[in-house]
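Everything on this sheet refers to the single structure shown next.
The values are calculated or read from the model by the stated rules, or taken from the named source; none is laboratory data. Since we're looking at a predicted model, the values are computed, not measured. Ideal geometry is used to build each Cβ from the backbone, glycine not excepted, and the neighbour counts take in all protein chains shown.
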Amino acid sequence: MLLRLVCLALLCRLAAPTTTLAFRFDGGVVVAADSRASLGAFVGSRSTMKILPISPYSLGTMAGGAADCSHFMRRLAARSRLWKARTGKDLSAPRAARILATELRQLKEDGLELSVGSMVTGHDELGLSRLFYVDNDGVIA
């Protein structure tokens, strides 16, 4: 069984880092995240949802600035619904990762400093489980 572990612990200028985990294996992907949102040394919430749906078959994770991450995950979910309406097909994880990376890269080139580190997971066009990390520079790993 192929097991891939991607562990993300970003400081993003915050006192307490976010940890999100995703395991890719032959049967799919398992995603986990902590639920604490902090503002410096202040804990703003202990029940923040850091794993967000993009489509019925794909998820995104939030690490970094909550406002930046949630904004781009909601935009990606909206793009997914638009893609489904136009094509009749679900947005694949590779395409979702490329859309997110392109938007973040363009905003960085325009001089906007963001705090985003997200994993995008789901299926590709062949039905295989896929896992991508997209950072605020628009780089996909």
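Can you tell which of S115, S35 is hydroxyl-bearing (S, T, Y), surrounded by fewer than 13 Cβ atoms within 10 Å (Cβ to Cβ) and within 17 Å of the chain's Cα centre (by Cα)? Before you say what the answer is, go through the steps one by one.
On the way: S115 fails: surrounded by fewer than 13 Cβ atoms within 10 Å (Cβ to Cβ).
Among S115, S35, only S35 is hydroxyl-bearing (S, T, Y), surrounded by fewer than 13 Cβ atoms within 10 Å (Cβ to Cβ) and within 17 Å of the chain's Cα centre (by Cα).
If R79 satisfies all but one of (1) in contact (Cβ under 8 Å) with a residue 24 or more places away in the chain; (2) assigned to a helix (DSSP H, G or I), what's the number of the condition it fails?
R79 satisfies every listed condition except (1).
Are any residues in segment 1-56 modelled with pLDDT under 50 and outside any strand (DSSP E or B), and if so, which ones? Talk me through it step by step, then tell me what you get.
Step one: list which residues in segment 1-56 are modelled with pLDDT under 50, which gives 1-15.
If the condition is that a residue be modelled with pLDDT under 50 and outside any strand (DSSP E or B), then M1, L2, L3, L11, C12, R13, L14, A15 are the ones that fit.
Out of R95, R105, R79, R74, report the one residue that is out of contact with any His (no Cβ under 9 Å at 6 or more places or on another chain) and either surrounded by fewer than 16 Cβ atoms within 10 Å (Cβ to Cβ) or among the small types (G, A, S) (or both).
Details: R95 fails: either surrounded by fewer than 16 Cβ atoms within 10 Å (Cβ to Cβ) or among the small types (G, A, S) (or both); R105 fails: either surrounded by fewer than 16 Cβ atoms within 10 Å (Cβ to Cβ) or among the small types (G, A, S) (or both); R79 fails: either surrounded by fewer than 16 Cβ atoms within 10 Å (Cβ to Cβ) or among the small types (G, A, S) (or both).
Testing whether each residue is out of contact with any His (no Cβ under 9 Å at 6 or more places or on another chain) and either surrounded by fewer than 16 Cβ atoms within 10 Å (Cβ to Cβ) or among the small types (G, A, S) (or both) leaves just R74.
Kindly check whether there is at least one residue in segment 77-86 that is under 12 Å from the mean Cα position of the chain (by Cα) and modelled with pLDDT of 95 or more.
Taking segment 77-86 first, the residues under 12 Å from the mean Cα position of the chain (by Cα) are 77.
Narrowing the set further to residues that are modelled with pLDDT of 95 or more leaves 77.
Yes, because at least one residue in segment 77-86 is under 12 Å from the mean Cα position of the chain (by Cα) and modelled with pLDDT of 95 or more.
Kindly evaluate L59 against the criterion of being in contact (Cβ under 8 Å) with a residue 24 or more places away in the chain and either β-branched (V, I, T) or closer than 17 Å to G138 by Cα (or both).
no
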